[in-house]
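Let me begin by presenting the structure, written as structure tokens, before commenting on it.
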Amino acid sequence: MSSLPKSYFNSEEFATFEQSMSAQKNDQADLAQENRQLQKQLRALLSNVRQNEEKLKRFQELELRLIACSELFELLQIVIYEYRVTSNLDRVTLVLYDPEYELQRMLEDEGIRASDHPDIIFSPNISLIDAFYGFELKPFLGEYDVQNHRDFFPNVLCKPCSVALLPMSRDMELIGSLNLASHRQERFASSSASDFLQRLASIVTVCLNNVCNQERLKRLGLTDMLTGINNRRFFDQRLEEEVGRAQRDDQLISCLFFDVDLFKHVNDTYGHNDGDIVLQDVANLIRMNLRTSDVFARYGGEEFAAILNNTNSDKAIEIAERIRLGIEDRQFSISDSRTINITVSIGVATMEAGKYSINTKRFGQQLVQKADHCLYEAKRSGRNRIICFTDEQIKSKRKQLEMFAEELQPTST
């Protein structure tokens, strides 16, 4: 609005006009200030929306990856390690109820030692975390308390400021807890919404259940139903894997082949039910003398086989002798409170996997064949004994190993 000459108004009118103009300018300044404030708030809201969109996108990607998991350790890796990094957390732990050692055994079958991953906590007793969550199984967000939260975060080196403790339940039964920790006090304030976190815990629970069910189905196909140990199919699959590892690491690998002596006589004399009891006890005794990393299976009938990676012939014979003596000295209980004595013959083959250029499948087959041949020699020469083969014999007893030497060609002399 253009200014008007002062003479256009009388003095009173001009004063009123000036006051009006001044008020208008003040209003305009206030509006401009309010507009800037609104723009600032809008930018903050848009920034929050974009951040939430990114969070939602990452969360959806995480969901899809968890759902796609087919192995237990793959799932645990994503939750414990990857989620911690992508979500900028200081620590993530999982407490899992495992009274029958089932989950830990699944990891061992994948070649994973639970002790190498201290943030995955397997508990045979759920009562401690059950008491914390109570009947309603409500999540906890708030300040870290050593007394109440130490079971969720063992071996704390740097005390977190805030934590989110999320119950994992199936059919209202607690099976574990997903635990998140941050050094930022405001990260998990008690007033924070927990919808996303509860959803995450639910997804992890469902995916954990799915993976475990898949593993159980695999085990049904790879487990001997009588003894509960692995079957021939599992042994053949793992044999290639163990041979491949031994070849890559240029290690020794040993195979032990067991056969219960005169087992047909046991069945004929005491019946097949008692024979089954004996096989179960023999399987348990052998398993107790092997490492968790060893591959052990019922090979068929009264025969058992084991693969011992990174084990020389002396150690393999020592283990075989311990098993042989343990079975010989044992009184095996059968029906009607009776006991019987049995013995086993054992064939042992040990080879340097890195010396040979043939493929893993063929090498594994030959390793087992040599152990089986040694077992045959042990049976033929009187039973209840151990016969061993090592690849050093190729030099000194080539005539005995003619067939074997034709199959295996050392990469170096």
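The values are calculated or read from the model by the stated rules, or taken from the named source; none is laboratory data. Please read all numbers here as calculations on a predicted model, not as lab measurements. Cβ placement follows ideal geometry from the backbone for every residue including glycine, while neighbour counts extend to all protein chains displayed.
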- [ ] Residues that are hydroxyl-bearing (Ser, Thr, Tyr) and buried (at least 17 other Cβ atoms within 10 Å of the Cβ): find the strands (runs of 3 or more DSSP E) completely inside region 119-207 holding 2 or more of those.
- [x] 173-182
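Per-residue answers, yes or no, for (1) touching a Leu at 6+ places or on another chain (Cβ under 8 Å); (2) charged (D, E, K, R):
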{"site": "324", "(1), (2)": "no, yes"}
{"site": "328", "(1), (2)": "no, yes"}
{"site": "331", "(1), (2)": "no, no"}
{"site": "340", "(1), (2)": "no, no"}
{"site": "348", "(1), (2)": "yes, no"}
{"site": "357", "(1), (2)": "no, no"}
{"site": "364", "(1), (2)": "yes, no"}
{"site": "370", "(1), (2)": "no, yes"}
- [ ] Report, by residue number, each residue of region 227-272 that is closer than 20 Å to residue 316 by Cβ and of a type in the set (Ser, Thr, Tyr).
- [x] 254
Task: Test set (1) surrounded by 16 or more Cβ atoms within 10 Å (Cβ to Cβ); (2) assigned to a helix (DSSP H, G or I); (3) in contact (Cβ under 8 Å) with a residue 12 or more places away in the chain - residue 227 fails condition number - done: (2)
Task: Those residues of region 174-194 which are modelled with pLDDT under 90 and closer than 13 Å to residue 138 by Cα, in sequence order - done: 190, 193, 194
- [ ] Name the single residue, out of those in region 272-290 being without any contact (Cβ under 8 Å) to a residue 60 or more places away in the chain and farther than 13 Å from residue 323 by Cα, that is nearest to the chain's Cα centre (by Cα).
- [x] 280
- [ ] Considering each residue of region 301-346, count those that are within 30 Å of residue 365 (Cβ to Cβ) and in contact (Cβ under 8 Å) with a residue 24 or more places away in the chain, and give that number.
- [x] 29
Task: Lone qualifier among 216, 238 - being out of contact with any Ser or Thr (no Cβ under 6 Å at 6 or more places or on another chain), surrounded by 15 or more Cβ atoms within 10 Å (Cβ to Cβ) and either part of a helix (DSSP H, G or I) or among the hydrophobic types (A, V, I, L, M, F, W, C) (or both) - done: 238
